[in-house]
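*Asks:* Sharing a structure below in C-alpha cells format, with a few things to ask.
The values are calculated or read from the model by the stated rules, or taken from the named source; none is laboratory data. Note that the coordinates shown come from a computational prediction; the quantities given were computed from them, not determined experimentally. Quick reminder, even Gly has a Cβ in these numbers, built from the backbone with ideal geometry, and neighbours come from all protein chains shown. Note: accessible area is taken over every heavy atom of the protein model, side chains too, but ligands, DNA and RNA are not part of it. Shrake-Rupley method; radii C 1.70, N 1.55, O 1.52, S 1.80 Å.
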Amino acid sequence: MKEEQVILVNEKDEPIGLMNKLEAHEKAVLHRAFSVFILNKDNELMLQQRAHQKYHSPLLWTNTCCSHQRDGETNIQAGTRRLFEEMGFKTNLKELFHFIYKAPFDNGLTEHELDHVMIGYYNDEPMINSDEVESWKWMKIEAVKEDMIQNPGLYTVWFKIIFDKFYHYLEEHKL
C-alpha cells in the first residue's frame, strides 16, 4: 500500500509540493491539515478517543476528527471524507478559520500544520471505525475546557492548541 502524502504549503496556504506523511512529521515540514468539530443540538462537542494501536497519541481524547487533505481535494471534501471514514456519518461542514501551529510529540515526530478548522452539526450516535477510534462521547464545551485544565494528559497535544482557538472563535462569533 502506498503511503499517504500530505500537501506541503507556505504560510499563505499555497501548495509547494507533496511529501509522504511520516516524512513530513519526522522533518516538521509545514503541511495542510484540517480539524472537524461536531456539535449537537445541546451544544455538546463530539470527542473521539484515538484507537489504542495508533502510532502516536493512542487512547488520547481529541476533536471529532482531523487529518490531511489529499492532492486535488477541497478542505470540505477532505473533512467530509475523513469524518465518514472515522466516525461513520456525513453532515454538512463549514470552514471557520485556519491557523498555523507546531506541536512536537514524545516519539520524535512533529505536527507543523496549517490547520483548517471546520464545524458541523449532528445529533445521532456515530458508527466508529475501530481501526481509528477507540471510543467517543458528547461533552459540553465548558466541561471540555475545564477537563483539559484538570487532566491535560488525557488529550492530544494538537487538540489542546486547536480547542483554545475554537473556543475563542465561538466567544467572538455567534454561530
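*Asks:* Where in the chain lies the longest segment free of GluC sites (Glu not before Pro) that are both loop residues by DSSP (not H, G, I, E, B) and have at most 12 other Cβ atoms within 10 Å?
*Replies:* 12-175
*Asks:* Testing the spin-label approximation: label points 7 Å from Cα along Cα→Cβ at Phe99 and Tyr55. State their distance in nm.
*Replies:* 2.9 nm
*Asks:* Here is a follow-up. Taking all protein chains in place and a 1.4 Å probe, what share, in percent, of the accessible surface of the chain do carbon and sulfur account for?
*Replies:* Ligands and nucleic acids excluded, carbon and sulfur reach 50 percent.
*Asks:* What accessible area per residue comes out for the chain, rounded to a whole number of Å², with a 1.4 Å probe?
*Replies:* On a per-residue basis, the chain sits at 51 Å².
*Asks:* Past 24 Å, Cα to Cα: identify those pairs from Lys21/Lys137; Lys94/Lys174; Lys54/Lys160, in the order given. Walk me through the intermediate numbers first.
*Replies:* Numbers: Lys21/Lys137 28 Å; Lys94/Lys174 14 Å; Lys54/Lys160 19 Å.
Beyond 24 Å between Cα atoms: Lys21/Lys137.
*Asks:* Related question: Report the calculated FRET efficiency for Asp131 and Lys160 (r = Cβ-Cβ distance, R0 = 30 Å), to the nearest 0.05.
*Replies:* Computed FRET efficiency for Asp131 and Lys160: 0.75.
*Asks:* Can you list residues from other chains, or at least 5 along the same chain, whose modelled amide H is less than 5 Å from the amide H of His31?
*Replies:* Val9, His112, Glu113, Leu114
*Asks:* Further, regarding this structure: Of all DSSP beta bridges in region 50-165, what percent run antiparallel (nearest 5)?
*Replies:* Details: 12 of 13 bridges.
Rounded to the nearest five, the antiparallel share is 90 percent.
*Asks:* Mean residue ellipticity at 222 nm from the helices of the chain, using -39,500 (n - 2.57) per DSSP H segment of n ≥ 4 over the full residue count, to the nearest 500 deg cm²/dmol?
*Replies:* On the way: 4 runs with 46 residues, N = 175.
Calculated from helices alone, the mean residue ellipticity at 222 nm is -8000 deg cm²/dmol.
*Asks:* State which helices in the chain qualify, where a helix is a whole DSSP H run, it must extend 18 Å or more along its own axis by its Cα atoms, and its mean Kyte-Doolittle hydropathy must be at least -1.0. Mind dumping the intermediate values first?
*Replies:* Values: long enough: 157-172 (24 Å, 0.03).
The answer, listed by residue number, is 157-172.
*Asks:* How big is region 1-100 by the Kirkwood estimate over distinct Cα pairs, in Å?
*Replies:* 14.7 Å
*Asks:* Residue by residue, what Karplus-based ³J(HN,Hα) values in Hz, rounded to whole numbers, does region 40-51 have, using 6.51, -1.76 and 1.60 with θ = phi - 60° and x for Gly and Pro?
*Replies:* 9, 5, 8, 6, 9, 9, 7, 9, 10, 9, 5, 4
*Asks:* Sort all Cα-Cα distances of the chain into consecutive 5 angstrom bins from zero, then give the percent of pairs in each bin up to the one containing the longest distance.
*Replies:* The distribution over the chain is 1, 8, 17, 22, 23, 17, 8, 3, 0, given as percents.
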